[in-house]
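J.: First, the structure itself, so that you have it in front of you.
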Amino acid sequence: MQRQCAWCLRMMNGRGERISLQPVPKLYEATHGMCRVCGMYWLEQAICETEEQPVLVAVLQAKEPTYRC
């Protein structure tokens, strides 16, 4: 079974490691996922974008509510 990164179009093995040096045309018969390099890039971008959101920072810094019985 052939695996191809849907982001960079390089061929990859079952562990997500790139096995082709250059992108190849999209193979419709291959299974598509994300290689490790693109996965790390995506994760890095997601973390950076999350850190820049002031609303999310405020939510994370909010104290837990006090419940009265």
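J.: Could you list all residues from the stretch 14-37 that are polar (S, T, N, Q) and touching a strand residue (DSSP E or B) at 6+ places or on another chain (Cβ under 7 Å)?
T.: SER20, THR31
J.: Shifting gears a bit: If GLU64 satisfies all but one of (1) at pLDDT 90 or above; (2) charged (D, E, K, R); (3) exposed (fewer than 12 other Cβ atoms within 10 Å of the Cβ), what's the number of the condition it fails?
T.: Failed condition: (1).
J.: Kindly establish whether GLY16 is in a helix (DSSP H, G or I), surrounded by 11 or more Cβ atoms within 10 Å (Cβ to Cβ) and either modelled with pLDDT of 90 or more or not β-branched (Val, Ile, Thr) (or both).
T.: Criteria not met by GLY16.
Residues checked against (1) at pLDDT 80 or above; (2) within 15 Å of the chain's Cα centre (by Cα); (3) surrounded by fewer than 11 Cβ atoms within 10 Å (Cβ to Cβ):
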{"residue": "ARG10", "(1), (2), (3)": "yes, no, no"}
{"residue": "PRO25", "(1), (2), (3)": "yes, no, yes"}
{"residue": "GLN45", "(1), (2), (3)": "yes, yes, yes"}
{"residue": "ARG68", "(1), (2), (3)": "no, no, yes"}
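The values are calculated or read from the model by the stated rules, or taken from the named source; none is laboratory data. Just so we're clear, the structure is a prediction, and the values are computed from it rather than from any experiment. As a convention, Cβ positions derive from the backbone with ideal geometry for all residues, glycine included, and neighbour counts pool all protein chains shown.
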